[in-house]
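This report concerns only the one structure given below.
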Amino acid sequence: MQSVHALVASIVDYAGLYPPAQLDPATAVRSYSHVHASNRQWMLGRLIWPVALLDQLSSLAVGHAPEAVLPETHGAWAISCILSPAGTPEFVEELDRVQAFNEQHDEVGSPAMRIDSLEMRAPDPSAVERALSHLPDDMFPYFEIALDSDPRGVIASLVGEEAGAKFRTGGTTPQAHPTAGDLARGMHACASAGVPFKATAGLHRALCHFNTAAGSKQFGFLNVLLGAAFIFNRKCDVEGLARFLTVGSVDEIEFNEKAMSWHGVRVSLDEIEETRSRFAHSFGSCSFDEAWDDLVAMEVVRAVSAGGAA
């Protein structure tokens, strides 16, 4: 379905190393490689990898990532690297490791991978400003912003920059989950400021549900993505977005080729594409299969041999 494809194309940044999956590095690389080579690849985004394990990634990717060739490698892996908090001495040192990794994998015959995105915590606007002064122009940074306090100060420091916010939308404990109101407030602040965002954690399923293992209700990735389209295109206010973030039934959402809607709140295909391009970039998840399988079960994506969609 065209509207769904536009909403979720390249959306899952694969974070298999992180909870609750916590795969070992070799298994995480194999899992990413498997999806990357499959018919489901259109929904896959970057591989999420910590800076401390970059040397392992260089070794493990041999035979999985394509070999670098001149002038440009088809199918090179895009990596988002997790760094120390913004502005710390460790953060500055880690940027050198990132640059060295990219130079290594530009060499012909090496596994073709490139870090083009960075993720780090941002405790305050001054930390963001310090970090931005060190960042290379060819990497897009996401600054993780706490949602349990007013996020507008840090978001304001990103206005006009080639940078985005990162919101933690769940975790393995009840305390790790923001309220719908706090998440809606953060998303609205980004939309108002023209700052893009990505989400991470807890978004394994398509719609809001109770996760017994985490002991908490969790948002779905469709709640966040379609909600982002609503708020970015000014189709609802913060209170309306908070309500939509808790929708747990697919029966409340209307899908067709050219639009998606909820209780009369409608976004067109063009508005969805604009939202993805300028505002809601991706979400990190340790499981690609759960997200895919949920969309197939909802019959908005059709499964084909070895994964894929039509």
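For the stretch 90-158, relative contact order (Cα pairs under 8 Å, six or more residues apart, normalised by length) works out to 31 percent.
Most tightly packed first, judged by the mean number of other beta-carbon atoms within 10 Å of their residues, the peptides 258-267, 281-290 read 281-290, 258-267. Of all DSSP bridge pairs formed entirely within the chain, close to 30 percent run antiparallel. If you take the square roots of the eigenvalues of the alpha-carbon gyration tensor of the chain and sort them as a ≥ b ≥ c, do you get rounded (a/c under 1.5), prolate (a/b over b/c) or oblate? It is oblate, given that a/c is not under 1.5 and a/b is not larger than b/c. Classify the stretch 177-300: rounded, prolate or oblate, from the alpha-carbon gyration tensor (a ≥ b ≥ c, eigenvalue square roots; a/c under 1.5 rounded; otherwise prolate if a/b is larger than b/c)? Because its axes are fairly even, with a/c under 1.5, the stretch 177-300 counts as rounded. Taking amide H positions as modeled 1.01 Å from N, with prolines and chain starts lacking one, the residues under 5 Å from Gln218 and 5 or more places away or on another chain are His209, Phe210, Asn211. The length gained by stretching the chain between Glu90 and Leu53 to full extension, at 0.36 nm per residue less their Cα-Cα distance, is 11.8 nm. Per DSSP H run of n ≥ 4, the term is -39500 (n - 2.57); total these for the chain, divide by its residue number, and report the mean residue ellipticity at 222 nm rounded to 500 deg cm²/dmol. It comes out at -10500 deg cm²/dmol, rounded to the nearest 500. Distances between placed amide hydrogens fall under 5 Å for Arg121 paired with Ala86, Glu144, all partners being 5 or more residues away or on another chain. The mean sequence separation of alpha-carbon pairs under 8 Å and at least six residues apart, normalised by the residue count of the stretch 46-153, gives a relative contact order of 28 percent. Computed on the chain, with alpha-carbon pairs under 8 angstrom and 6+ residues apart, the relative contact order is 20 percent.
Inter-label distance, Trp42 to Asp138: 3.0 nm, where each label sits 7 Å from its Cα along the C-beta direction. Extension gain, His74 to Glu257, is 62.9 nm, computed as 0.36 nm per intervening residue step minus the present C-alpha separation. For the stretch 158-165, backbone phi angles converted through the Karplus equation (6.51, -1.76, 1.60; θ = phi - 60°) give residue-by-residue couplings of 9, 4, x, 9, 7, 7, x, 8 Hz, Gly and Pro being listed as x. Considering only Val92, Leu7, Val29, the residue lying farthest towards the positive end of the dipole of the chain is Leu7, judged by Cα position with unit charges set on Cβ.
Rounded to 0.05, the FRET efficiency of the Gln22 and Thr212 pair, given R0 = 25 Å and the Cβ-Cβ distance, is 0.85.
Every number here is computed from the coordinates shown, using simple stated rules; none is lab data. Everything numeric in this text was worked out from a predicted model, so none of it was measured. No Cβ is skipped: glycine too gets one built from the backbone with ideal geometry, and neighbour counts run over all protein chains shown.
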